[in-house]
1. I'd like the Karplus ³J(HN,Hα) series for region A:83-94: coefficients 6.51, -1.76, 1.60, θ = phi - 60°, whole numbers in Hz, and an x wherever there's a Gly or Pro.
2. Could you name the aspartates and glutamates whose alpha carbon sits less than 12 Å from that of B:Lys38, not counting residues in the same chain fewer than 8 places away?
3. Give me the three principal axis extents of chain A from the C-alpha atoms, as integers in angstrom, largest value leading.
4. Taking a probe of 1.4 Å and counting only protein heavy atoms, give the total accessible area buried between chains A and B in Å², rounded to the nearest 100.
5. How much of the accessible area of region B:35-81, in percent, comes from carbon and sulfur atoms when a 1.4 Å probe is used?
6. Please list, in chain and number order, the residues 5+ apart from B:Val46 or on another chain whose amide H is under 5 Å from its amide H, with Hs placed from the backbone.
7. From the gyration tensor of the Cα coordinates in region B:19-116, what semi-axes in whole Å does the equivalent ellipsoid have, largest first, with each one equal to sqrt(5λ)?
8. How long are the semi-axes of the equivalent ellipsoid of region A:44-94, defined as square roots of 5 times the Cα gyration tensor eigenvalues? Whole Å, largest first.
Amino acid sequence: GAGVSQSPRYKVAKRGQDVALRCDPISGHVSLFWYQQALGQGPEFLTYFQNEAQLDKSGLPSDRFFAERPEGSVSTLKIQRTQQEDSAVYLCASSLYGATQETQYFGPGTRLLVL
Amino acid sequence: AQKVTQAQTEISVVEKEDVTLDCVYETRDTTYYLFWYKQPPSGELVFLIRRNSFDEQNEISGRYSWNFQKSTSSFNFTITASQVVDSAVYFCALSEASTGRRALTFGSGTRLQVQP
């Protein structure tokens with residue numbers, strides 16, 4: 001596709017529910033990133049994949065957060081037993097190789113509201 | 001540890017005014033990269049510019065210009081003759097080369113409102 005796509009765009013969950021957020025990176029991009037953006041704040045890094053390998057998950061806030069990219073393309077961020085503090089916009093980005101100097105291209109985000 | 005500070009939370013200008021968005025960064029790395037992104041109401045972060053730490057030349061792209069000064073650890077962004085379509089939240093971000101971390105560190109953003 002032309003850009004990074006994410007689905008769903010909006011998700012409302014009841015506290016305690018599990019959610020799954022999908023990211024489709026730019027075709028051919030090796031690296032994929034997930035960020036969390038709280039209201040009025042800048043995005044904060046969650047995790048990074050190079051192909052199917054999850055090379056950095058230092059930003060995941062708890063073991064309720066899990067991400068995968070099994071075939072090195074589409075990625076899913078799963079949040080188990082959602083809490084109200086999980087309410088945020090979840091942004092996905094991709095880059096061609098993942099080098100630090102490369103530009104990361106972002107998707108429109110998934111806005112998650114936990115009630 | 002790396003840090004990006006955007007002290008201006010919100011700026012409001014009238015169309016055709018010039019406006020400068022400030023960005024101050026902290027890093028111990030000698031090789032690093034600075035970015036500016038625009039986030040319109042639709043939510044998608046739109047890439048504007050990337051600079052590496054060895055290139056202090058100022059850059060101009062149409063109505064946009066960037067002033068990178070290592071001596072003050074700043075990477076400021078100026079919009080000349082602002083337009084209503086420039087209204088958005090603007091983020092400055094940093095990545096470091098030597099740590100191997102690929103993550104971008106973002107500032108908290110500056111919301112720019114351009115009034116007609």
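1. Whole-Hz 3J(HN,Hα) from phi for region A:83-94: 10, 4, 6, 7, 4, 4, 9, 9, 9, 10, 9, 9.
2. Filter leaves B:Asp86.
3. 37, 24, 24 Å, listed from the longest principal axis down.
4. Values: alone 6400 and 6500 Å², together 11140 Å².
Approximately 1800 Å² gets buried when A meets B.
5. Values: 1070 of 2360 Å².
Answer for region B:35-81: carbon and sulfur cover 45 percent of the accessible area.
6. B:Lys38, B:Gln39
7. On the way: eigenvalues 116, 47, 21 Å².
Three semi-axes, in Å: 24, 15, 10.
8. On the way: eigenvalues 76, 23, 22 Å².
Values for region A:44-94, descending: 20, 11, 10 Å.
The values are calculated or read from the model by the stated rules, or taken from the named source; none is laboratory data. Every value quoted in this text rests on a predicted model; they were computed, and no experiment measured them. All Cβ positions, even for glycine, are placed from backbone atoms using ideal geometry, and neighbour counts span all protein chains on display. Note: accessible area is taken over every heavy atom of the protein model, side chains too, but ligands, DNA and RNA are not part of it. Shrake-Rupley method; radii C 1.70, N 1.55, O 1.52, S 1.80 Å.
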